[in-house]
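The values are calculated or read from the model by the stated rules, or taken from the named source; none is laboratory data. No experiment lies behind these values; they were computed from the predicted model shown. Every residue, glycine among them, receives a Cβ derived from its backbone with ideal geometry; neighbour counts consider all protein chains shown.
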Amino acid sequence: MTPIRLTLLLLMINWFSLQSQPEDIFSQSLIDNQLTKANAFLDLASDDPTFENLEVQWFEYNEKTGTIREKYLFPFYDVVTTSNEYIYSFDERKNITRKVKIYRTEPITKQGKNYVQLFGATNDTTITIYQYNQNNQLLTESEFAPGGVDTTKILYKYQDGVLINSIHYSSVTKGTLGSENHFVEYFYDHLGRLSEERKTPETLNLYSTTQYQYLGETKLLSEKTTSNDFAWQLIFDMGKKRTEVSQDSLNGEKVKYEYDDNLNLTKQTFFRSLSDLSTNFHGREYKYENNLMIEEQSFNTSDEVINLTDKIQYVYDSRGLLIEKKMIFSGILRYTYKYNYE
């Protein structure tokens, strides 16, 4: 693979991972090691041979067509699998131009019996088309359902190279914009940083406002969204989320984030009620070796006692590639994922 093609590949993979699964270790392995193909197999901790070496996730980049394909398969009740497959296409400027999402439900033949009579097969496809202006800025984003009908459409407007508003439509007939769903305006401070978003539905009454505050010229300090009956705020430090608070007219919730000296996320704590931050919470703790996550441990509270629940363990090879993921529920190994790369 030439250096130019490799650079293009890395940019594509990086965009894909940020858009779909920003914290997925599997995708991160591809980025870090400049790989073009990988897959994952699932073994169940049982005597049932149905899922032995079942391929549940795969990734592939095609140099000739400039496309990325990724598929996730989810076993369901041992008789049906559901899968999401994504196909991304890019232009010569590295912009994504087309996204195809294929959702499938397929019966599994188990012990000589096909469960299609109990669970019918489905195959739903949506296509999203992206168009850009001469300055490489996104102009339109249209999602089509089978039959040529737009299910959503977003139009972006710029002024002096800066995004000033976007119009979001839903249930649109192809070729006709139809009724406006909501309108978003973007405002900037004297340094050109996004300072506020105002969202208005078709009733023309202000629905929500998002305000941004910064530390210095670039570091985001806080993000706060308010509407008629809801408020949501994010607090940042060193570019990382520290706290997240949401509150409606009845109650509120809070999420606290903790990091190590390398800014790896070490703990997430979800508080179910703002009125009880001492006993009513659950979360996850993360452990690392050489900046690689090796364990996720879930916990919750019951009668003011912290209980450790489900656990995920990660195993890597000498290159830092994820080769195994173990899912442990209530102290019992239930699933093992094994990863292969090219």
Checklist entry - If residue 273 passes every condition in (1) assigned to a strand (DSSP E or B); (2) without any contact (Cβ under 8 Å) to a residue 24 or more places away in the chain but one, which one does it miss? => result (1)
Checklist outcome for this item: Those residues of segment 25-42 which are modelled with pLDDT of 70 or more and outside any loop (DSSP other than H, G, I, E, B) amount to 37, 38, 39, 40, 41, 42
Checklist outcome for this item: Condition set surrounded by fewer than 16 Cβ atoms within 10 Å (Cβ to Cβ) and either at pLDDT 85 or above or β-branched (Val, Ile, Thr) (or both), scope segment 324-337, selection farthest from residue 286 (Cα to Cα): answer is 332
Item to check | Residues of segment 211-229 satisfying the condition of being over 16 Å from residue 198 (Cα atoms) and either touching a residue at least 60 places away in the same chain (Cβ under 8 Å) or surrounded by 15 or more Cβ atoms within 10 Å (Cβ to Cβ) (or both) | outcome: 214, 220, 222
Item to check | Residue list for segment 101-151, filter: at pLDDT below 60, surrounded by 14 or more Cβ atoms within 10 Å (Cβ to Cβ) and part of a strand (DSSP E or B) | outcome: 107, 110
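Is it the case that residue 65 is among the hydroxyl-bearing types (Ser, Thr, Tyr), at pLDDT 65 or above and in a loop (DSSP other than H, G, I, E, B)? Break it down stepwise before answering.
Values: among the hydroxyl-bearing types (Ser, Thr, Tyr): yes; at pLDDT 65 or above: yes; in a loop (DSSP other than H, G, I, E, B): yes.
Answer is yes for this residue.
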Checklist entry - Does segment 265-281 contain at least one residue that is farther than 29 Å from residue 197 by Cα and under 22 Å from the mean Cα position of the chain (by Cα)? => result yes
